[in-house]
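I have placed the structure first, in the form of structure tokens, so that the comments after it can refer back to it.
The values are calculated or read from the model by the stated rules, or taken from the named source; none is laboratory data. Since we're looking at a predicted model, the values are computed, not measured. Ideal geometry is used to build each Cβ from the backbone, glycine not excepted, and the neighbour counts take in all protein chains shown. Keep in mind that these areas ignore ligands, DNA and RNA; they rest on the heavy atoms of the full protein, side chains included. Shrake-Rupley method; radii C 1.70, N 1.55, O 1.52, S 1.80 Å.
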Amino acid sequence: MSFIEWFFSGAGTIVLGIVLKHMFKSDGSSQANSSVSLHENKAASQTIEEAEVTESQMVSVRMVEALKLLNSGRYQPYTVSDLAQFLDLKRVSELEEFITGQREPSFAFLELFASKLGLNYEWLTSGHSSPYRTTVKHRHFPEDYLGMIEEQGPESIYFVKCRDECCKMFIVLKHSDLKYSVCPMVWHISGHVGAGGSRQLHSFYKMLQRLHENNLYSRCYGVVLDEKKFHSLLNGEVFPRTVLRRRNIDYWFDDFSDIHHKYPIAERYRELHGEEFLRAQDIVRGFECDVA
């Protein structure tokens, strides 16, 4: 394994984070030659004076953290060469220098880094917010996201549902293997909704119909997550790919669109999705009957 490959492995990113936090000195003085063993006992480690870290160096630490999140769960981690190519950089060493704190990245580069990787720019530059906290605007009805989806043409559209009593859901778009965006509005696939929630259910049904008409339905996937993973994804705490895995795929949204229960599997909807799912379908069916 080369140095660069190790650099972006799990061990490499952890070690670099420790080094950047504890070893970088703003004056580059004699302590640069000292070393800290990772195997020192707790008592000895407490005698190490906390290093002063510049804001630029903290940006480097967060870039490393972003890459650690990006490679989480990957059998073969992305290397600096992969990332430099993805960012269209002329030199691989340029990215390495930014990440190791040898050079201070420009604002233009940080904007590029955040945009290409779907990172929150405020988190990257200041540490506020969370790594993947979305900047997509809240839209009250699912249909309101259709214009953005049709314009951006994402590779995949995920309808993420929570395995809880309220059956909360939101939408995630995959733009590339390295970039996702979360549509932050949460809706309830449930009968426990008021007039506004009922209209949102009907809007979700109409959205699915539009995706069919626009030949985007084949890009759609359903995902069901436990509450912890659901909120970590919604709040931008994890790289979306780490939870949008095949084992979590569930085409619940397609079953939901079958409001007249014409699919052969319809007799199992209560068993598969629960009573609230059927009540939500009843609400949509009522809207459709009113329109007819």
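Kindly check whether there is at least one residue in segment 27-40 that is charged (D, E, K, R), open to solvent by 50 Å² or more (accessible area, probe 1.4 Å), out of contact with any Leu (no Cβ under 8 Å at 6 or more places or on another chain) and modelled with pLDDT under 50.
yes
Tell me, yes or no, whether segment 194-208 has at least one residue that is out of contact with any strand residue (DSSP E or B) (no Cβ under 7 Å at 6 or more places or on another chain), open to solvent by less than 10 Å² (accessible area, probe 1.4 Å), of a type in the set (S, T, N, Q) and in a loop (DSSP other than H, G, I, E, B).
no
What number of residues within segment 233-251 satisfy the criterion of being open to solvent by less than 20 Å² (accessible area, probe 1.4 Å), touching a residue at least 24 places away in the same chain (Cβ under 8 Å) and not small (Gly, Ala, Ser)?
Adding up the residues that qualify gives 4.
His260 is checked against (1) in a helix (DSSP H, G or I); (2) more than 29 Å from the chain's Cα centre (by Cα); (3) in contact (Cβ under 8 Å) with a residue 24 or more places away in the chain; (4) surrounded by fewer than 16 Cβ atoms within 10 Å (Cβ to Cβ) and fails just one. What number does that condition carry?
(1)
If Gly191 passes every condition in (1) within 16 Å of Val223 (Cα to Cα); (2) in a loop (DSSP other than H, G, I, E, B); (3) open to solvent by less than 20 Å² (accessible area, probe 1.4 Å) but one, which one does it miss?
(1)
I'd like to know if segment 162-177 contains one or more residues that are touching a His at 6+ places or on another chain (Cβ under 9 Å), open to solvent by 20 Å² or more (accessible area, probe 1.4 Å) and assigned to a strand (DSSP E or B).
Within segment 162-177 (the criterion being touching a His at 6+ places or on another chain (Cβ under 9 Å), open to solvent by 20 Å² or more (accessible area, probe 1.4 Å) and assigned to a strand (DSSP E or B)), the answer is yes, since at least one residue qualifies.
Each row is one residue, and each column tells you yes or no for (1) modelled with pLDDT under 95; (2) closer than 20 Å to Glu155 by Cβ; (3) surrounded by fewer than 18 Cβ atoms within 10 Å (Cβ to Cβ).
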{"site": "Arg219", "(1), (2), (3)": "no, yes, yes"}
{"site": "Gly222", "(1), (2), (3)": "no, yes, no"}
{"site": "Lys228", "(1), (2), (3)": "no, no, yes"}
{"site": "His231", "(1), (2), (3)": "no, no, yes"}
{"site": "Phe253", "(1), (2), (3)": "no, yes, no"}
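If I filter segment 236-251 down to residues being under 19 Å from Arg219 (Cα atoms) and touching a helix residue (DSSP H, G or I) at 6+ places or on another chain (Cβ under 7 Å), which single residue comes out as modelled with the lowest pLDDT?
Among them, the one singled out is Val243.
Go through segment 126-146 and give me each residue that's small (Gly, Ala, Ser) and at pLDDT below 95.
Result: Ser126, Gly127, Ser129.
Within segment 156-167, how many residues turn out to be out of contact with any helix residue (DSSP H, G or I) (no Cβ under 7 Å at 6 or more places or on another chain) and modelled with pLDDT of 95 or more?
1
Test each condition in (1) touching a residue at least 60 places away in the same chain (Cβ under 8 Å); (2) farther than 25 Å from Tyr78 by Cα; (3) under 15 Å from the mean Cα position of the chain (by Cα) for Gly222 and report the one that comes out false.
If we test Gly222 against (1) touching a residue at least 60 places away in the same chain (Cβ under 8 Å); (2) farther than 25 Å from Tyr78 by Cα; (3) under 15 Å from the mean Cα position of the chain (by Cα), just (3) comes out false.
In the list Leu89, Leu95, Leu69, which residue meets the criterion of being open to solvent by less than 40 Å² (accessible area, probe 1.4 Å), outside any helix (DSSP H, G or I), at pLDDT 50 or above and aliphatic (A, V, I, L, M)?
Leu89
Would you call Arg247 under 30 Å from Val64 (Cβ atoms) and either assigned to a helix (DSSP H, G or I) or of a type in the set (Lys, Arg) (or both)?
yes
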